[in-house]
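Report on one structure; see the data block that follows.
The values are calculated or read from the model by the stated rules, or taken from the named source; none is laboratory data. As the structure is a computational prediction, the values presented were derived from the model and not from experiment. Every residue, glycine among them, receives a Cβ derived from its backbone with ideal geometry; neighbour counts consider all protein chains shown.
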Amino acid sequence: MGDSPVQRAAVRSDVPGIAALMRRSVLELFPHFHDERETASAARYLTVPDVVLIDDGTYYVHEAAGEVVACGGWSKRDKLYTGSGDRPADGRLLDPAAEPARVRAMFVRDDWTRRGLGRAILAACARDARAAGFRSLVLMATLPGVPLYRSFGFREVNRTRVPLPDGVTLAGVEMVCSLD
């Protein structure tokens with residue numbers, strides 16, 4: 001398996017490794033929750049790294065033996081998830097006093113799941129968002145992530161269907177976590 005994973009802030013040169021991890025994670029984990037068409041669509045549309053998160057310094061990776069094995073972060077901007085399509089307000093900075101920060105793009109390689117990497121990334125998100133003045137976190141969970149988010153303290157707000165650009169819809173769970 002290689003050496004122990006080290007968590008750090010992502011940098012632009014991580015983008016190819018992040019993209020490869022995202023795709024691998026979806027192809028390995030989604031079939032446990034989604035059919036073949038949904039998995040293929042998610043692998044296409046939910047696995048595009050958002051460099052705005054990297055540039056904002058709010059995206060983290062776990063690296064082991066030179067490979068990215070987990071990634072995720074938070075955003076102080078209005079976009080809730082990759083694949084939601086581009087909206088004019090996506091880049092708008094959120095008001096920490098009145099709006100929650102967004103947890104974004106959490107992926108763990110299948111052979112590295114259940115080892116605390118996702119939890120460590122969520123802890124970094126909570127710590128750094130709280131330091132930036134945010135009082136809560138929100139996210140749109142795909143089904144593979146729901147158990148992790150629940151165990152971290154997120155609560156379900158709404159179950160929905162997430163439309164992807166090719167017309168496929170995925171089950172999604174809107175979740176919130178207080179930082180107080």
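Observations, loosely collected:
- Leading residue by the ranking (farthest from the chain's Cα centre (by Cα)) among those in the stretch 47-69 that are among the hydrophobic types (A, V, I, L, M, F, W, C) and surrounded by fewer than 15 Cβ atoms within 10 Å (Cβ to Cβ): A65
- Residue list for the stretch 116-131, filter: assigned to a helix (DSSP H, G or I), closer than 13 Å to A70 by Cβ and without any contact (Cβ under 8 Å) to a residue 60 or more places away in the chain: G118, R119, L122, A123
- Qualifying residue in the stretch 157-179 (condition: on the phi < 0 side of the Ramachandran plot, of a type outside the set (S, T, Y), in a helix (DSSP H, G or I) and modelled with pLDDT of 95 or more): no
- Residues (more than 18 Å from H32 (Cβ to Cβ) and in contact with a Leu (Cβ under 9 Å, 6 or more places away or on another chain)) located in the stretch 130-152: R130, F134, R135, S136, L137, V138, L139, M140, F152
- Qualifying helices (runs of 4 or more DSSP H) (wholly inside the stretch 1-70; at least 1 residues being more than 25 Å from R92 (Cβ to Cβ) and in contact (Cβ under 8 Å) with a residue 40 or more places away in the chain): 15-29, 36-45
- For the stretch 130-180, filtered to residues that are among the hydroxyl-bearing types (S, T, Y) and more than 13 Å from the chain's Cα centre (by Cα), the residue that is surrounded by the most Cβ atoms within 10 Å (Cβ to Cβ) is S136.
- The test for being of a type outside the set (A, V, I, L, M), at pLDDT 95 or above and either within 26 Å of T160 (Cβ to Cβ) or out of contact with any Cys (no Cβ under 9 Å at 6 or more places or on another chain) (or both) does not hold for D86.
- Filtered by the rule that a residue be β-branched (V, I, T), closer than 15 Å to L164 by Cα and at pLDDT below 95, the stretch 1-59 gives T47, V48.
- Qualifying residues in the stretch 114-129 (those that are small (G, A, S) and more than 14 Å from A101 (Cα to Cα)) - the one farthest from the chain's Cα centre (by Cα): G116
- All conditions in (1) β-branched (V, I, T); (2) farther than 20 Å from V26 by Cα; (3) crowded, with 23+ Cβ neighbours inside 10 Å hold for I121, with the sole exception of (2).
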